[in-house]
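**Q** Mind having a look at this structure? Questions to follow.
Each value in this text was obtained by applying a stated rule to the coordinates, not by laboratory testing. Only a predicted model underlies this, so the values are computations on that prediction, with no experimental measurement involved. Every residue, glycine as well, gets a Cβ built from its backbone with ideal geometry; the counts of neighbours run over all protein chains shown.
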Amino acid sequence: PSLAALDDHLIQCRACPRLVAWREHVAEVKRASFRDDDYWARPVPGFGDERAGILVVGLAPAAHGANRTGRMFTGDRSGDFLFASMHRTGLANQATSVSADDGLRLTGIRVTAPVRCAPPDNKPTPEERRRCGPYLAREVELLGETVRVAVVLGGFGWQALLSTLAEQGWDVPRPRPRFTHGAEVTLRRRTPAPGTDTAGAHHDGEVPDGGQPPPAQTLTLLGCFHVSQQNTFTGRLTPQMLDDVLLRARDLAGL
Ligand code: DU
Ligand code: SF4
């Protein structure tokens, strides 16, 4: 079980007929400026540090962005805005993200999405979200205790991540915390992660004081307006606002 194995499985997925048709249609028609590109036209894996303290959760691949380049947030204006901020805040080695082989490396951070195939109008259906949920769940699971903070870009990702975490045994309050820019919600894991050896504490002969359980795993969700042009061109989300969220995330993740 590894992120690489998860990705091998993911990129074969054809479970959503509408999205399979769309991702492939877009790759046929193309956009004039990308006429000579071979589009990826498949599900898009998460990208970045495999031991990330911060996980950025978006919405879904853009038709001519990640659906073209095969790398999350790569090849469109949303990614330009996001990776420039990561570069300013010391989380990326370069400010631009144009193609899967452009040398971009992320440190301490990773980018992913709750839906992995490009949807028409950037709007997956609730059913598509549910169907794709297990890939996000598995990714969070595989990142394990290293991931301390989720920077969630927009309400769709917020709802999707909370659903996924609730199913994975995280204590999600009812009613669900609402998405806002600047929202900050810390969750605890109710049950040990699947595969965690709960008797492990005894193996090294050290019983913690009074048999106290180990501290609960926590994950802090930070809400941030999505980096789409709808928000960045209108000034609803400014570079400074995103930098502030990423710096807060760094702080919380101890980076
Ligand atoms: O071979 P590779 O996909 O470049 O990844 C090698 C190594 O670097 C792996 O542990 C993930 C990590 N990494 C990273 O920290 N940031 C990136 O952007 C890509 C890979
Ligand atoms: Fe599979 Fe997710 Fe793509 Fe649906 S959106 S086809 S579940 S990878």
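**Q** Given the structure, is residue 46 without any contact (Cβ under 8 Å) to a residue 40 or more places away in the chain, under 30 Å from residue 148 (Cα atoms) and within 16 Å of ligand 1 (Cβ to nearest atom)?
**A** no
**Q** Give the residue, chosen from 129, 88, 138, that is more than 16 Å from ligand 1 (Cβ to nearest atom), over 15 Å from residue 47 (Cα atoms) and within 16 Å of the chain's Cα centre (by Cα).
**A** Exactly one residue qualifies, and that residue is 129.
**Q** Being touching a helix residue (DSSP H, G or I) at 6+ places or on another chain (Cβ under 6 Å) and of a type in the set (Gly, Ala, Ser) narrows it down to one of 21, 66, 41, so name that one. Quick ask: steps written out before the conclusion?
**A** Numbers: 21 fails: touching a helix residue (DSSP H, G or I) at 6+ places or on another chain (Cβ under 6 Å); 66 fails: touching a helix residue (DSSP H, G or I) at 6+ places or on another chain (Cβ under 6 Å).
41 is the lone residue from the list that is touching a helix residue (DSSP H, G or I) at 6+ places or on another chain (Cβ under 6 Å) and of a type in the set (Gly, Ala, Ser).
**Q** Tally up the residues in region 13-23 that are in contact (Cβ under 8 Å) with a residue 12 or more places away in the chain and surrounded by fewer than 16 Cβ atoms within 10 Å (Cβ to Cβ), please.
**A** Of region 13-23, the ones in contact (Cβ under 8 Å) with a residue 12 or more places away in the chain are 13, 15-16, 18-20, 22-23.
Retained after the next criterion (residues that are surrounded by fewer than 16 Cβ atoms within 10 Å (Cβ to Cβ)): 15, 18.
Count: 2.
Condition check ((1) free of Cβ contacts under 8 Å to residues at least 60 places away in the same chain; (2) out of contact with any strand residue (DSSP E or B) (no Cβ under 9 Å at 6 or more places or on another chain); (3) under 23 Å from residue 53 (Cβ atoms)) across all residues:
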{"residue": "91", "(1), (2), (3)": "no, no, yes"}
{"residue": "98", "(1), (2), (3)": "yes, yes, no"}
{"residue": "104", "(1), (2), (3)": "yes, no, yes"}
{"residue": "108", "(1), (2), (3)": "no, no, yes"}
{"residue": "116", "(1), (2), (3)": "no, yes, yes"}
{"residue": "124", "(1), (2), (3)": "no, yes, no"}
{"residue": "128", "(1), (2), (3)": "no, yes, no"}
{"residue": "136", "(1), (2), (3)": "no, no, yes"}
{"residue": "150", "(1), (2), (3)": "no, no, yes"}
